[in-house]
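Here is the structure we will look at, set down as structure tokens.
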Amino acid sequence: METTEWMTAVLASDNLRSAWKRVKANKGAQGIDGVTIEDFPAHLRAHWGDIRRQLETGRYRPSAVRRVEIPKDDGGKRLLGIPTVMDRVIQQAIAQVLTPIFDPSFSASSFGFRPGRNAHQAIRQVQRHVKDGYAMAVDIDLAKFFDTVNHDVLMKILGRTIRDKALLALIGRYLRAGVQVGEHIEPNDIGTPQGGPLSPLLANILLNELDHELERRGHRFARYADDMVVLVKSRRAGERVMQSLTRYLEGRLKLKRNPAKSKVAKMSECGFLGFTIIRGKIRWLEKKLEAFKHRVRELTGRSWGVSMEYRLHKLGQYVRGWLGYFGISEYYRPIPELDEWIRRRIRMCHWKQWRWPRTKINRLLALGVSLKTAIQHGTSSKSCWHMARTPAMQQALNNDWFLAQGLPSIKTLWCQAQGYSSSPSEPTR
DNA sequence: GTCGCTCCAGT
RNA sequence: UGAACUGGAGCGAC
Ligand SMILES: Nc1ncnc2c1ncn2[C@H]1C[C@H](O)[C@@H](COP(=O)(O)OP(=O)(O)OP(=O)(O)O)O1
Ligand SMILES: [Mg+2]
């Protein structure tokens with residue numbers, strides 16, 4: 001029997017319990033066996049004994065994944081592979097065991113799908129390199145990344161670290177579980193399912209090879225999933241790096257570049273994670289701002305027949321959430337403009353025609369826009385946008401400072417805003 | 001401090 | 001009804 005501590009750790013009751021908790025919390029759809037999150041506990045009681053034994057003896061056969069196609073931004077379609085609830089739990093349990101083992105070996109420049117790391121850190125790293133004089137970007141995105149992961153390459157890498165043959169074999173079976181298209185099941189010899197809890201970790205383990213190769217060559221870069229930017233000093237160097245990396249990816253990892261999303265250009269002409277770097281400052285991409293405006297138009301449009309409260313609620317949570325991500329933009333010029341734009345939009349659509357109470361409009365404006373931008377840009381909530389944004393100023397920007405300026409405290413402002421953004425129970429339409 | 005839910009963003 | 005990972009904001013319960 002090949003069962004070692006690895007599989008035992010996967011099957012430990014604590015680990016399985018938290019894995020199930022996570023799968024349940026995601027409230028995902030059923031797999032090909034039709035077992036939903038709700039009837040999983042009963043299903044588990046009936047079959048766990050058998051399945052556990054199969055897992056321990058290395059005989060367990062995962063079910064195929066269910067194929068669902070969803071549209072992508074660029075017009076193409078994304079092929080999801082939805083494992084059964086049982087397989088999602090098992091994969092999650094494996095991921096929880098493997099993450100603490102593999103994650104420490106990952107590159108400091110890898111930011112996607114990793115605990116404690118996010119897109120902001122990735123774009124800030126790019127910014128630092130640009131400021132250090134590496135302004136030319138080799139922007140690479142892989143074609144159909146998850147769908148083209150090579151099993152042999154990945155299994156070899158896994159085998160270097162995972163000593164447990166049963167676990168290794170189980171991961172191999174998950175990779176080759178097949179997909180159900182319509183009525184029949186089709187085998188697959190390539191790819192890891194977009195929808196498998198283990199897939200993001202496997203993706204990082206595979207591209208960890210690339211990260212270390214980049215480090216070995218002394219490159220400055222940031223990677224987020226299959227999206228990466230290598231920063232160099234000249235276009236010549238960029239072209240050379242692009243060529244050699246393309247060769248490395250295709251030769252060693254059997255992965256292809258997405259030519260449409262890959263290029264060598266000044267970082268100010270590249271997009272990464274929704275941002276770009278203009279004159280050393282982080283700024284959101286124009287198309288992201290356009291998407292934001294479009295969404296606000298929808299939310300404030302007259303063709304949406306819902307109650308006032310509901311509309312305010314939805315608008316507030318969208319604006320606040322959006323600024324939570326894009327609010328790290330340091331390019332402050334567009335922000336007052338954006339603030340003004342939202343104000344105009346709200347007044348135009350609703351103040352006159354719909355006779356919104358003035359107080360409600362003011363509270364909405366205070367809610368996600370003025371306040372948040374004011375805090376983040378070191379100015380008062382009265383739109384003193386031209387005030388210097390020195391580090392000392394940032395430091396001084398605390399509650400005391402607000403009060404000293406004769407402004408309401410941050411807490412007061414937030415309480416006002418919260419009263420209109422998230423009532424104890426969600427407002428009705 | 002530990003869980004539960006609603007959102008937002010990136011991939 | 002479209003899975004997953006990660007980060008964030010908020011609310012709620014012990
Ligand atoms: N909802 C999702 N959106 C984007 N990426 C996802 C999602 N779920 C899983 N992923 C993973 C799988 C993708 O292979 C990987 C990279 O995303 P992305 O580059 O947008 O698509 P892709 O690499 O599959 O196709 P493309 O050829 O268009 O680049 O991130
Ligand atoms: Mg891609």
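Just so you know, all these numbers are worked out from the coordinates, no wet-lab data involved. From a predicted model like this one, the values you see are computed outputs, not experimental measurements. Neighbour counts run over all protein chains shown; Cβ positions are idealised from the backbone, glycine included.
Give me the three principal axis extents of the range A:1-139 from the C-alpha atoms, as integers in angstrom, largest value leading.
Result for the range A:1-139: principal-axis Cα extents of 62, 40, 25 Å.
Fewest first, what order do A:Val181, A:Val23, A:Val229 take by the number of other Cβ atoms within 10 Å?
Final ranking by Cβ density, sparse to dense: A:Val181, A:Val23, A:Val229.
Between beta-carbons, use under 11 Å as the cut-off and find the net charge around A:Arg88, counting Lys and Arg +1, Asp and Glu -1.
+1
Along Cα→Cβ, 7 Å out, is where each label goes; now give me the distance between the ones at A:Ser13 and A:Glu269 in nm to one decimal.
6.3 nm
Sketch the reach of a paramagnetic label on A:Leu285 as a point 7 Å from Cα along Cα-to-Cβ, and name the residues of the range A:100-124 whose backbone nitrogen lies under 17 Å away.
Counting backbone N atoms under 17 Å from the label point, the list is A:112, A:119-124.
Using θ = phi - 60° and the Karplus curve 6.51 cos²θ - 1.76 cosθ + 1.60, what whole-Hz ³J(HN,Hα) does each residue of the range A:37-50 get, with Gly and Pro shown as x?
So the J values, rounded to whole Hz, are 4, 5, 8, 5, x, 5, 4, 5, 4, 6, 10, 4, x, 4.
To make sure I understand the rule: partners must be aspartates and glutamates, Cα under 18 Å from the Cα of A:Lys233, and not fewer than 8 residues away in the same chain. Which ones qualify?
A:Lys233 reaches A:Asp132, A:Asp139, A:Glu215, A:Glu269.
Rounded, prolate or oblate: pick one for the range A:139-189, where a ≥ b ≥ c are the square roots of the eigenvalues of its C-alpha gyration tensor, a/c under 1.5 means rounded, and failing that, prolate if a/b is larger than b/c, else oblate. Please report the intermediate quantities before stating the final value.
Numbers: a/c = 3.62, a/b = 1.15, b/c = 3.15.
Here the range A:139-189 falls in the oblate category.
Using a/c under 1.5 as the rounded threshold, could you call the range A:146-229 rounded, prolate or oblate? The axes a ≥ b ≥ c are square roots of the C-alpha gyration tensor eigenvalues, and prolate needs a/b larger than b/c, oblate otherwise.
oblate
When only Cα pairs under 8 Å and 6 or more residues apart are kept, what is the percent relative contact order across the range A:167-208?
Working: 22 pairs, mean separation 10.6, N = 42.
The normalised contact order for the range A:167-208 reaches 25 percent.
Take A:Asp189 and A:Ala169, extend 7 Å from each Cα along the Cα→Cβ direction, and tell me the distance between the two endpoints in nm.
2.1 nm
Kindly flag which residue pairs out of A:Lys24/A:Lys293; A:Lys261/A:Lys314; A:Lys27/A:Lys72; A:Lys27/A:Lys261; A:Lys165/A:Lys256 have an alpha-carbon separation exceeding 25 Å in this structure. All intermediate terms of the calculation are to be shown ahead of the outcome.
Details: A:Lys24/A:Lys293 35 Å; A:Lys261/A:Lys314 33 Å; A:Lys27/A:Lys72 22 Å; A:Lys27/A:Lys261 33 Å; A:Lys165/A:Lys256 30 Å.
Too far apart for the 25 Å limit: A:Lys24/A:Lys293; A:Lys261/A:Lys314; A:Lys27/A:Lys261; A:Lys165/A:Lys256.
Projected onto the charge dipole of the range A:40-106 (+1 at Lys/Arg Cβ, -1 at Asp/Glu Cβ, origin at the Cα centre), which of A:Gly76, A:Ser105, A:Leu55 gives the Cα projection farthest towards the positive end?
A:Leu55
Under a crude label model (7 Å from the Cα following the beta-carbon direction), how far is A:Lys77 from A:Lys254 in nanometres?
Calculated label separation equals 2.6 nm.
What is the range A:161-306's relative contact order, in percent, from Cα pairs under 8 angstrom and six or more apart in sequence?
Taking the mean separation of contacting Cα pairs over the length of the range A:161-306, I get 9 percent.
Peptides A:96-105, A:195-204: what's the order by average Cβ count within 10 Å, highest mean first?
Numbers: A:96-105: 15.8, A:195-204: 22.2.
With the highest mean Cβ count within 10 Å placed first, the list reads A:195-204, A:96-105.
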